[in-house]
Every structure is written in structure tokens, then in C-alpha cells.
Amino acid sequence: MRTKSENGNIVFTFAVLILSALLAMTTSALAAGSPSVGAPKSRSSDEKRQQANIHFRQGEAYAEKMRYKEAAREYEKAVQIDSGYAEAHSNLGYSYRKQGLYDEAVASYKRAIALDPELSEAYEYLGEAYAEMKKFDLAEEQLRALKRLDPDEAEALAAFIQKMKKSSYGSK
């Protein structure tokens, strides 16, 4: 059994902890409200990306089910929320391409590459779009860029281009 003195010490310690926590929260709230250069901007970017990710994930779910129109709508929402989201632009391009909307797909892939020049999937898919459009010289440009980024994806693109060339030249 505790004595009155021990109970008093526990209460006192607990009160000090509560006051310390309140002081820390107040200090951080005041700091957040003060005009600082980077903090609000990064918090805003993080919030935008989190919100965009909700639509990005939904777009992925639709794309897995080959529901490209619905996927495109979700990716469009993602890039409206976070225009700097390169992967969402690339996936939007993929969804457009699967619907036969090649000009829109190309624009989305180019935007993804401009945002992230190391995003290899955007080069691969842009190359595939050009090959499907029978613009083989442009597809080959993407292949050259992709070779330095991801040799495995480059092999897949090279095979796709060859397949499209054969079907194109074989049908004439």
C-alpha cells in the first residue's frame, strides 16, 4: 500500500508530464502559425500527395480490372490534386492508350518524363504508344533513352516495336 507522500509524488509527476505536453503542443502550434518559409509548403505537398494517392490507388484497381475509362478518371483526379505526380501522369497515359486515345497518352507520358526523367516506365509506355501509332522512329528514340535507364524494360520495348513493325509491314 502506498503512503500519502508516494501518492502525492505520483500526482505531482503526472501533473508535470501533462503541463510539459501542453507546453510542447502550444509551442509547436505557435511555431506553425509563425511565418516560416518551408514548413507550410511541405505540409501542403504531403497532404496533396496523400489525397492524390487515394485516387491513384483507385485508378490502379480499375486498371487491374481493365476498366481503363474509370482508371483514367481516377488518375485525372490524382493529377488535378497533385500536378507534380509523375507516376500518376504515366498511369493516366497508359489508361488513355488502352482506350485508343493516343494523343492524350503521349501528352501524359511526356509530362511524366518532364517531371521525372528517370521514370523508366514512362519511356517504355511512350515507346509502345508511338509503335502502336506506327511512328517507329519516335518509338526507337524512347528505346534508346530506356536502354540507359532499365535494360530489361528496354528489351521488352524492343520486342514490342518489332512485333508492331511486323504486323504493320505484314498487313501491307
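The values are calculated or read from the model by the stated rules, or taken from the named source; none is laboratory data. This is a predicted model, so every value here is computed, not measured. No Cβ is skipped: glycine too gets one built from the backbone with ideal geometry, and neighbour counts run over all protein chains shown.
Taking Gly93, is it surrounded by fewer than 16 Cβ atoms within 10 Å (Cβ to Cβ), closer than 30 Å to Lys135 by Cβ and either aromatic (Phe, Trp, Tyr) or at pLDDT 95 or above (or both)?
When the stated conditions are applied, Gly93 does not pass them.
Give Glu60, Glu64, Glu121 a once-over and let me know the one that is closer than 28 Å to Pro151 by Cβ, assigned by TED's automatic domain parsing to the domain that holds Asp152 and surrounded by fewer than 23 Cβ atoms within 10 Å (Cβ to Cβ). Going through Glu60, Glu64, Glu121 in turn, just one is closer than 28 Å to Pro151 by Cβ, assigned by TED's automatic domain parsing to the domain that holds Asp152 and surrounded by fewer than 23 Cβ atoms within 10 Å (Cβ to Cβ): Glu121. Between Leu143, Leu126, Leu157, the distinction of being at pLDDT 95 or above, under 20 Å from Glu87 (Cα atoms), part of a helix (DSSP H, G or I) and in contact with a Phe, Trp or Tyr (Cβ under 6 Å, 6 or more places away or on another chain) belongs to Leu126 only.
Of all the residues in the stretch 54-68, those that are of a type in the set (Asp, Glu) and under 15 Å from His89 (Cβ atoms) number 1. The residue of the stretch 99-123 that is farthest from Lys166 (Cα to Cα), among those that are in a loop (DSSP other than H, G, I, E, B) and under 20 Å from the mean Cα position of the chain (by Cα), is Asp116.
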